[in-house]
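These notes are about the structure you will find just below.
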Amino acid sequence: QLTVVESGGGLVQPGGSLRLSCIGSGFTLDYYTVGWFRQAPGKEREAISCISKGDSNTYYGDSVKGRFTISRDYASHTVNLEMNSLKPEDTAVYYCAADAVVPTVQAMCVGTYVPFGSWGQGTQVTVSS
């Protein structure tokens, strides 16, 4: 079972920015497809963005295209999500997941994705004035 730790959430006003970070616990994310997901109260988990092994392919959900950017930092072995122009509807708990088996970012980010183990604690993002 892969264990990941999310960080960087917080309270921000509409139009503001946050940078989320995902890191593997006891392993490196460098060779895994990694995805960011979110779940708002009363709603199902939604795929936000995924990045492939080697960073050649990325996916962005329609609701965040042009506002969010996913990237890897090989120095810190993290996968980060830069969130700009935040809106109240972005309020949710944000989760990341790592997968060595999915063949494409679409396999991870399109449809319903179920991790091998379980979802972690996530990090809370609240966008409010």
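When each of ASP99, ASP73, ASP62 is tested for being acidic (Asp, Glu) and in contact with a helix residue (DSSP H, G or I) (Cβ under 7 Å, 6 or more places away or on another chain), the lone residue that passes is ASP99.
For the stretch 120-129, filtered to residues that are in contact with a strand residue (DSSP E or B) (Cβ under 6 Å, 6 or more places away or on another chain) and either farther than 11 Å from VAL93 by Cα or not in a loop (DSSP other than H, G, I, E, B) (or both), the residue that is most open to solvent (accessible area, probe 1.4 Å) is GLN124. Of the strands (runs of 3 or more DSSP E) entirely within the stretch 35-91, those holding at least 2 residues that are open to solvent by 10 Å² or more (accessible area, probe 1.4 Å) and hydroxyl-bearing (Ser, Thr, Tyr) occupy 58-60, 68-73. Within the stretch 14-34, the set of residues being open to solvent by 20 Å² or more (accessible area, probe 1.4 Å) and either touching a strand residue (DSSP E or B) at 6+ places or on another chain (Cβ under 7 Å) or among the aromatic types (Phe, Trp, Tyr) (or both) comprises PRO14, SER17, LEU18, ARG19, SER21, ILE23, SER25, PHE27, TYR31, TYR32.
Within the stretch 92-110, the set of residues being surrounded by fewer than 22 Cβ atoms within 10 Å (Cβ to Cβ), closer than 25 Å to TYR31 by Cβ and under 12 Å from the mean Cα position of the chain (by Cα) is empty.
The values are calculated or read from the model by the stated rules, or taken from the named source; none is laboratory data. Everything numeric here is computed off the predicted structure, so don't read it as measured data. Cβ sites come from the backbone with ideal geometry, for glycine too, and all protein chains shown count toward neighbours. In case anyone asks, the SASA skips ligands and DNA or RNA and just uses the protein heavy atoms, side chains included. Shrake-Rupley method; radii C 1.70, N 1.55, O 1.52, S 1.80 Å.
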